[in-house]
Amino acid sequence: MKQALTIYVIVLSAMHASYLTQGFLGTAEIAYGALTIMAVMISAIFLWLWAMRMSPLSLGMAFSWAGAAMVMGWWWLYTLLGGPVWMLRSEMLLVLVAMFLTGAVLHFEVLETSFGYRRGAFLVPVIGALAVSSLLLTLIG
């Protein structure tokens with residue numbers, strides 16, 4: 001915990017220093033770019049761990065990190081390219097979000113067995129999240 005907090009303080013300090021010198025946009029572009037690249041590397045490591053059969057959660061982690069990398073990368077490129085309108089409504093973004101969602105569903109499936117629940121119980125939080133999201137869209141949208 002001490003190490004994690006120390007790393008957080010260092011990263012937060014670096015972000016603040018960057019903000020003071022680069023401004024918000026420059027700092028965000030650097031951070032999103034670096035995070036996208038690191039997420040791709042982390043996803044590849046989890047895919048390798050899954051292939052080596054080292055952890056049942058590895059495939060979910062690989063999908064989650066790949067999805068996160070692709071979604072963050074999409075918005076990073078969107079900013080770098082000056083916000084092209086076609087990227088706002090492209091179905092390709094939804095393909096990338098689907099990868100991210102697949103990782104989340106796989107996580108719930110692994111958690112189901114870890115908690116000793118019956119087969120299919122992992123769908124309860126997935127369906128619940130979709131229902132709450134749909135309800136909020138209906139109420140606010």
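A few comments on the model shown:
- Note, ³J(HN,Hα) from phi for segment 66-81, Karplus 6.51, -1.76, 1.60, rounded to Hz, x at Gly and Pro: 5, x, 4, 4, 5, 5, 5, x, 4, 6, 5, 5, 4, 5, 5, 8
- For the pair Tyr8 and Met54, the difference between a 0.36 nm per residue extended length and the Cα-Cα distance amounts to 13.7 nm.
- Of Leu130, Leu101, Leu80, the residue with the greatest mean-square motion in the GNM of the chain, using alpha carbon springs below 10 Å, is Leu130.
- The share of C-alpha pairs in the chain whose separation exceeds 17 Å stands at 72 percent.
- The relative contact order of segment 16-141, computed from alpha carbon pairs under 8 Å that lie at least 6 residues apart in sequence, is 22 percent.
- Heavy atoms of the protein chains alone define the surface here; on that basis the chain has 73 Å² accessible area per residue at 1.4 Å probe size.
- Residue with peak Gaussian network fluctuation, the chain [Cα springs, cutoff 10 Å], from Ala34, Ala17, Ala121: Ala17
- Extension gain from His16 to Tyr117, taking 0.36 nm per residue of separation minus the Cα-Cα distance: 31.9 nm
- Tilt relative to the chain, helix 123-140 - C-alpha long axis, 0 to 90 degrees, to 10: 50
- Surface composition of segment 31-74: carbon and sulfur atoms hold 83% of the protein heavy-atom accessible area at a 1.4 Å probe.
- Residue-averaged 222 nm ellipticity for the chain, from DSSP H runs of 4+ at -39500 (n - 2.57), nearest 500: -29500 deg cm²/dmol
The values are calculated or read from the model by the stated rules, or taken from the named source; none is laboratory data. As the structure is a prediction and not an experimental result, all values here were calculated from the model. Quick note on the areas: whole protein, heavy atoms, side chains included, nothing else; ligands and nucleic acids left out. Shrake-Rupley method; radii C 1.70, N 1.55, O 1.52, S 1.80 Å.
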